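The values are calculated or read from the model by the stated rules, or taken from the named source; none is laboratory data. Everything numeric in this text was worked out from a predicted model, so none of it was measured. All Cβ positions, glycine included, derive from the backbone under ideal geometry; neighbour counts span all protein chains shown. Ligands, DNA and RNA are excluded from the accessible area calculation, which covers all protein heavy atoms including side chains. Shrake-Rupley method; radii C 1.70, N 1.55, O 1.52, S 1.80 Å.
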Amino acid sequence: MPSGLGSVTGTRYRRPVRISVIGCGYLGAVHAASMAKLGHEVVAVDVDPAKIERLAAGEAPFFEPGLPEILDEALASGRIRFTTDMAEVAGSTVHFLAVGTPQGPTGAADLTYVDAAVAALTPHLAPGEFVVGKSTVPVGTAARLAAEVEAAVPGATLVWNPEFLREGFAVQDTISPDRFVYGVPEGADGERAVAALDEVYAQALAAGTPRLVVNLPTAELVKISANAFLATKISFINAMAEIAEVAGADVTALADAIGHDDRIGRKFLNAGLGFGGGCLPKDIRAFQARADELGVGESLAFLADVDATNLRRRAHVVDLATELLGGSVAGKRVAVLGLAFKPNSDDVRDSPALDIAARLQELGASVGAYDPEAVETARRLHPELDYAASATQALEGADLVLVLTEWTVFRELDPAEVASLVASPVVVDGRNCLDRDAWTAAGFTYRGMGR
Ligand code: UGA
């Protein structure tokens, strides 16, 4: 391999790095395939044999645009292999930790998988190699793990390189992120870690992606504070929606107007059902729990309000449905369009849409639910709902239509056609994604969020 710039299937890179990725969930599977796409030699490990088997067969275990293509390409190139055998990571220069940190019973992050991954990795680690944490962890975790790694394998270095990928854009966010954050120790080990990560990310760095080198706790905090900020921004606009509803204002117009101020910005100001998914809800709770442990709980007390405002949105839609159905949902047919926590995803973890569907069913409604990708994942959590094979099937005979995830196919529904399917033309636009005038013109009673 010549030093200097080379190219593989159009991808520019400096030198392939031998990489291991530990954990093949959302983060790990996308990271592993993306690293292979960049020309690196990747071994990806997971304790779940079924997951490894599917990935090795080129099958993405979840819906993520672009992932099947880069996975196929990586497998065909021979640059990636999947295994359950941790011993196969031996000889990699960079070992990425990409295991989950779910919410534990107290709200704090459960670090079982991170601790288990480090314990399983260290016997195969050699001096001069780098353990690179990507998982979202409570501040202070990296320093503890760094000491454990150094004690087990003197000369091996642990650093933290948080991930900011969004589901639905995960491949693009991994290959060309907004920024890189490297949390490294001071001194020569830190400098060598920076050089190693620079090789891994050579392509994006050459294209000008900013890279910030900070200490370990700063890197951990960058990640969690970014998610806390995003959650706060969403709850802020949803709080404005609550005010707009009683004051007769339109929160969408309000968001457009304040969003023109560069300091505020229009992104993440879409009022609706609020945030769900595998990250924002658990991260704000874990962050509060960690602040409490550190004796600075007051600093993040506002996140309890952010959480409460967010959860109120779901209750609000259930109340609205009850009101629109004349005081009780019992025995009424409700069409729920959208189950995923956001469009372009089959993820229903803490999904506001699925939560609302389940609550209505519990209150006696007969819910007919449809989602372009998330029916199967939803069925696993809520088998009691009646899942439709199409939007049309869900809509037939409905007394009320709820649009709860803003998939393009729902935005583009023809309201006149929908009117011909339903029993009663009443729609709740839980994501303010429909053309209000068009739906009203087609005879619908339209209720948006905060407008
Ligand atoms: C989030 C962050 O955006 C990523 O930067 C981060 O890397 C990731 O968590 C993570 O920690 O792994 P993600 O969970 O994929 O990414 O989803 P987002 O696009 O942030 O959306 C989160 C939720 O907020 C969705 O339910 C979405 O519908 C909702 N949302 C978003 C709103 O209600 N309004 C908005 O204006 C924007």
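Going by the conditions given, is F302 under 25 Å from the mean Cα position of the chain (by Cα) and away from the ligand (no atom under 16 Å from the Cβ)? Reasoning before the result, please.
Values: under 25 Å from the mean Cα position of the chain (by Cα): yes; away from the ligand (no atom under 16 Å from the Cβ): yes.
Considered against the rule, which asks whether it is under 25 Å from the mean Cα position of the chain (by Cα) and away from the ligand (no atom under 16 Å from the Cβ), F302 comes out as yes.
Here's the yes/no breakdown for (1) under 21 Å from G274 (Cβ atoms); (2) at pLDDT 95 or above; (3) polar (S, T, N, Q):
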{"position": "L404", "(1), (2), (3)": "yes, yes, no"}
{"position": "W407", "(1), (2), (3)": "yes, yes, no"}
{"position": "P415", "(1), (2), (3)": "no, yes, no"}
{"position": "V422", "(1), (2), (3)": "no, yes, no"}
{"position": "N432", "(1), (2), (3)": "yes, yes, yes"}
{"position": "T440", "(1), (2), (3)": "no, yes, yes"}
{"position": "G443", "(1), (2), (3)": "no, yes, no"}
TODO: With the checklist (1) in contact with a His (Cβ under 7 Å, 6 or more places away or on another chain); (2) on the phi > 0 side of the Ramachandran plot in hand, flag the one item T174 doesn't pass.
DONE: (2)
- [ ] Hey, can you tell me all the residues within segment 115-141 that are in a helix (DSSP H, G or I) and crowded, with 22+ Cβ neighbours inside 10 Å?
- [x] A117, V118, L121, T141
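The rows are residues; the columns are (1) among the charged types (D, E, K, R); (2) within 16 Å of the ligand (Cβ to nearest atom).
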site	(1), (2)
A321	no, no
L337	no, yes
A340	no, yes
P343	no, yes
D347	yes, yes
I356	no, yes
R359	yes, no
L363	no, no
TODO: Just name the residue that is nearest to R436 (Cα to Cα) out of those in segment 252-266 that are hydrophobic (A, V, I, L, M, F, W, C) and over 25 Å from the mean Cα position of the chain (by Cα).
DONE: A253
Open item on the list: Going residue by residue through segment 235-253, is there one that turns out to be open to solvent by 60 Å² or more (accessible area, probe 1.4 Å), within 26 Å of S299 (Cα to Cα) and assigned to a strand (DSSP E or B)?
Closed with: no
TODO: With the checklist (1) in a loop (DSSP other than H, G, I, E, B); (2) more than 16 Å from the ligand (Cβ to nearest atom) in hand, flag the one item A151 doesn't pass.
DONE: (1)
Task: Subset tally (residues that are more than 12 Å from the ligand (Cβ to nearest atom) and more than 23 Å from E129 (Cα to Cα)) for segment 173-201 - done: 1
Open item on the list: Could you go through segment 289-306 and let me know if any residue there is within 25 Å of V348 (Cβ to Cβ), in contact with a strand residue (DSSP E or B) (Cβ under 7 Å, 6 or more places away or on another chain) and open to solvent by less than 40 Å² (accessible area, probe 1.4 Å).
Closed with: no
- [ ] Please give the number of the condition T322 fails out of (1) surrounded by fewer than 19 Cβ atoms within 10 Å (Cβ to Cβ); (2) in a loop (DSSP other than H, G, I, E, B); (3) touching a residue at least 40 places away in the same chain (Cβ under 8 Å).
- [x] (2)
Task: Scan of segment 154-179 for residues that are open to solvent by less than 20 Å² (accessible area, probe 1.4 Å), touching a Leu at 6+ places or on another chain (Cβ under 7 Å) and farther than 17 Å from E64 by Cα, ordered by number - done: A156, L158, W160, N161
- [ ] For Y182, work out the one condition from (1) outside the structural domain of K134 (by TED's automatic domain parsing); (2) open to solvent by less than 60 Å² (accessible area, probe 1.4 Å); (3) not in a helix (DSSP H, G or I) it doesn't fulfil.
- [x] (1)
TODO: Only residues in segment 261-289 that are within 11 Å of the ligand (Cβ to nearest atom) count as the first member; pair them with residues that are among the aromatic types (F, W, Y), Cβ under 6 angstrom, at least 6 apart or cross-chain, and list the lot.
DONE: G276/F341; G277/F341
Task: Condition check for G265: assigned by TED's automatic domain parsing to the domain that holds G140 and surrounded by fewer than 20 Cβ atoms within 10 Å (Cβ to Cβ) - done: no
Open item on the list: Among the listed residues R18, R81, identify the single one that is without any contact (Cβ under 8 Å) to a residue 40 or more places away in the chain and in contact with a strand residue (DSSP E or B) (Cβ under 9 Å, 6 or more places away or on another chain).
Closed with: R81
TODO: Check segment 350-357 and report whether any residue there is assigned to a loop (DSSP other than H, G, I, E, B), of a type in the set (S, T, N, Q) and under 18 Å from G430 (Cβ atoms).
DONE: yes
Open item on the list: Restricting to segment 325-349, count the residues that are touching a residue at least 12 places away in the same chain (Cβ under 8 Å) and farther than 21 Å from P65 by Cα.
Closed with: 10
